[in-house]
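Q: One structure, as structure tokens, below. Some questions next.
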Amino acid sequence: MSSGSGSSLNSSSPLDPFDSSTSWSLSEDPSNSSSEPVMRTLTPDLQPGTTAVAVQEVSPWDIALCVTGTLISCENALVIAVLFYTPTLRGPMFILIGSLAVADLLAGLGLILNFVFTYLVDSSVEFVTLLSVALLISAFSASVLNILAITVDRYLSLYNALTYHTERTVTYTYVMVVFIWVLSLTLGCLPAFGWNCLRDESSCSICRPVTKINAVALAVTFLLVFALMMQLYLQICKIAFRHAQQIAVQHQFVAISTTKGVSTLSVILCAFGVCWLPFAMYSIVADSSYPVIYTYATVLPATCCSVINPIIYAFRNPDIQKSLWLACCGCVPSNLSLRPRTSSDV
């Protein structure tokens, strides 16, 4: 997915006009078939053994995105491997964490493939461009929707604490995950279905070939998702404090754990907002005529959200931590095995 203004410069090797291997001739422009005066261009006729090599300058921003994609892929591949090879991690919560890890893994691979398509493959081919943007939109949409699903799961587990774990089934969770991926794939395939600016560059958004209308629709949808998450986390904090007040016997312990849980939720929400809000807002106000550096400056933090997700939702989970310790050194630290489960672990 290339930015609307473009960031790559083409440079060719210099030709020496006095080199005996190079001759110059006047040639007609084959594209001019009208009755207007024939346009003639001065082109070099290279003798065998002399070639003009085009070297494309690599943008440091694209390198940063490729490195970020590699880090995202490694982190989430580790999460998926732990969930896959640990039979005890099959509950609904771990299904959602696994779905989030798959989405972020695809996002990381999409960033790597976008770099490859930009510099190693002919990016002028429409199929390559549409494939790259479809993968990135689908993966990042699924990542955001999975975070929303995890937030809803946390809220319901506290709101219906006595019945939710008995009512919530694995089948229900799988249905929700399938719905998320169907919706994400549909959003990703919209450019391939004709919602692209390959025929009309003036309608491009900051990320070619996504149209301005499509980019604004995705950004507004994200803002609605973010507003819903804020409301859910606010309700989670209220329920947590209410539970803390109701348990007077364990007042000190619950107050400490509840405060820690609320602090953790605040960090999660702030990290999500800091990563995605600049890109969403910029997508609404900007188009392809804006400087490309602003696009890169908002895209890079958005991709970093997929770097943070495994740390927040997977590596902090005590069950996943135990599996990692067992896989790495064959033992579990005593402080981890005896650690009580608090609201901040979920």
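The values are calculated or read from the model by the stated rules, or taken from the named source; none is laboratory data. Because the structure is a prediction, the values reported are computed rather than measured. With ideal geometry, Cβ positions are generated from the backbone for all residues, glycine too; neighbour counts draw on all protein chains shown. What goes into the accessible areas is simple: the full protein's heavy atoms, side chains included, and nothing from ligands, DNA or RNA. Shrake-Rupley method; radii C 1.70, N 1.55, O 1.52, S 1.80 Å.
Q: Regarding the range 131-211, what whole-number volume in Å³ per residue does the convex hull of its Cα atoms give? Mind dumping the intermediate values first?
A: Values: hull volume 7.2 nm³, N = 81.
Enclosed volume per residue, from the Cα hull, is 89 Å³.
Q: Let me ask you something else. How would the range 95-148 be classified by its alpha-carbon gyration tensor: rounded, prolate or oblate, with rounded meaning a/c under 1.5 and the a/b versus b/c comparison settling the rest? Don't jump to the answer; show the numbers that get you there.
A: On the way: a/c = 4.20, a/b = 2.51, b/c = 1.67.
Cα axes put the range 95-148 in the prolate bin.
Q: Which order do peptides 214-223, 83-92, 139-148 fall in by mean Cβ count within 10 Å, highest first? Don't skip to the answer; put the middle values down first.
A: Values: 214-223: 18.3, 83-92: 13.6, 139-148: 24.0.
Order by mean packing, descending: 139-148, 214-223, 83-92.
Q: Pull out a ≥ b ≥ c, the square roots of the eigenvalues of the alpha-carbon gyration tensor of the range 53-199, then state rounded if a/c is under 1.5, prolate if not and a/b is larger than b/c, and oblate in the remaining case. Intermediate values should be presented prior to the final figure.
A: On the way: a/c = 3.23, a/b = 1.99, b/c = 1.63.
The shape class here is prolate.
Q: Moving on. Filter the trypsin sites (Lys or Arg not before Pro) in the range 125-224 to those in DSSP coil with at most 16 other Cβ atoms within 10 Å of their Cβ, and list the result. Mind showing how you got there, number by number?
A: On the way: sites: Arg154, Arg168, Arg199, Lys212; in loops: Arg168, Arg199.
In loop regions of the range 125-224 (DSSP not H, G, I, E or B), the sparsely surrounded trypsin sites (Lys or Arg not before Pro) are Arg199.
Q: Arranged from highest to lowest average of other beta-carbon atoms within 10 Å per residue, in what order do the peptides 235-242, 131-138, 103-110, 282-289 appear?
A: 103-110, 131-138, 282-289, 235-242
Q: Probe radius 1.4 Å, ligands and nucleic acids ignored: give me the carbon and sulfur share of the accessible area of the range 126-239 as a rounded percent. Intermediate values should be presented prior to the final figure.
A: Details: 4040 of 5480 Å².
Carbon and sulfur: 74 percent of the exposed surface of the range 126-239.
Q: With every protein chain left in place, what is the accessible area per residue of the range 142-245 in square angstrom, probe 1.4 Å?
A: On the way: 5400 Å² over 104 residues.
Solvent-accessible surface per residue comes out at 52 Å².
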